[in-house]
Ligand code: C2E
Ligand code: CA
Ligand code: CA
Ligand code: CA
């Protein structure tokens, strides 16, 4: 029994080392990746289910490392947050998204919203609003076509300072969406005070629709809350016609998910959008 315990312990320590090593490899690699521009964006189109026209795209960070291969954002965003690199990374992402919007300005995609994820830590950074303003200015992007997605939990329990920051972003012309909605505890009263235009219903609630009663209850509550506050709702992670139909029947018009398209690199996105516009 004693040696079994020792073995368990050894395996535990070894796995800790592997994890710590991996974490360090990601951290070191990420620093270089940011400097060398190894981070690119894929874009997932968003649709109005009324006519299945594209209304926007969400930018999603992608890192292809020469050593590590493709590192998913769920692995490197947390490391970027813990190491303070999230500010540089976030600026890189916003810059690329704004450059895309700028390129689109005189073409068929000029009306599309380009949504960008903002991490909680990035949002609370001292110079955040100033850096957003600088990037808008530098790229010539149309701020009305740039949407910032900030998670519901990032805005929970924050005071007047946070609210003022949101107001300043709105004053730049940007629109704001509350991401991963349903995973936090926003009250009607609090939502009403936030200068947001959109709620993004989290995929975890869409996933088990229409059969799961709890998911259905949360989706329905979100939709009626949004209706009362005149906010748009976009459902993420739509994979099936049944999920789409369920939400559409309850007043949710905006949709995003594999049913329509996976996130795509820029060229494939533009080809996809051109093709979708023909339909
Ligand atoms: P998120 O903001 O909730 O983004 C949605 C995630 O769901 C994306 O994963 C997307 O590829 C995936 N997805 C979209 N449709 C479907 C579907 O129908 N089914 C399934 N199973 N998944 C779907 P991804 O790209 O791996 O990103 C994961 C998370 O990483 C994002 O979650 C976001 O929190 C974070 N992230 C990604 N890019 C950035 C970024 O540039 N900045 C920050 N701060 N966070 C980012
Ligand atoms: Ca998002
Ligand atoms: Ca989500
Ligand atoms: Ca998220």
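Key figures
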| item | result |
| --- | --- |
| More than 15 Å apart - percent of Cα-Cα pairs taken over segment 98-173 | 57 |
| Separation of alpha-carbon centers, segment 200-222 and segment 124-195, rounded to whole Å | 25 |
| Sequence of 156, 85, 255 once ranked by neighbouring C-beta atoms within 10 Å, starting from the fewest | 156, 85, 255 |
| Along each principal axis, Cα extent of the chain, largest first, Å | 64, 48, 44 |
| Helix-only [θ]222 nm of the chain, DSSP H runs n ≥ 4, -39500 (n - 2.57) each, per residue, nearest 500 | -16000 deg cm²/dmol |
| Order of 158, 87, 111 under a 10 Å beta carbon neighbour criterion, fewest first | 111, 158, 87 |
| Cα-only Debye scattering, segment 50-149: base-10 log of I(q)/I(0) at q = 0.10, 0.14, 0.17, 0.24 Å⁻¹ | -0.31, -0.58, -0.81, -1.26 |
| 116, 70 arranged by Cβ crowding within 10 Å, fewest neighbours leading | 70, 116 |
| Three-way shape label, segment 140-228, alpha-carbon gyration tensor, a/c 1.5 | prolate |
| Rounded, prolate or oblate (a/c below 1.5 giving rounded, otherwise prolate when a/b exceeds b/c) for segment 217-279 by Cα gyration tensor | prolate |
| On Cα atoms only, tilt of 2-36 relative to the major axis of the chain in degrees | 50 |
| Selected from 198, 145, 227 as most flexible by GNM, with the chain as the system and alpha-carbon contacts under 10 Å | 227 |
| Prolate/oblate/rounded call for segment 21-78, Cα gyration tensor, a/c under 1.5 rounded | prolate |
| 0 to 90° range, to nearest 10: angle between helix 73-83 axis and the chain longest Cα axis | 70 |
| Rounded to 10°, Cα long-axis angle of helix 86-104 versus longest principal axis of the chain | 30 |
| Fluctuation leader among 19, 207, 122 - the chain, Gaussian network, Cα springs under 10 angstrom | 19 |
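Values quoted throughout were computed directly from the atomic coordinates according to the rules given, and no laboratory measurement underlies them. This structure is a prediction, so every number in the text was calculated from the model and none was measured. Because the Cβ atoms are built from the backbone with ideal geometry, glycine has one as well, and the counts that use them run over all protein chains shown.
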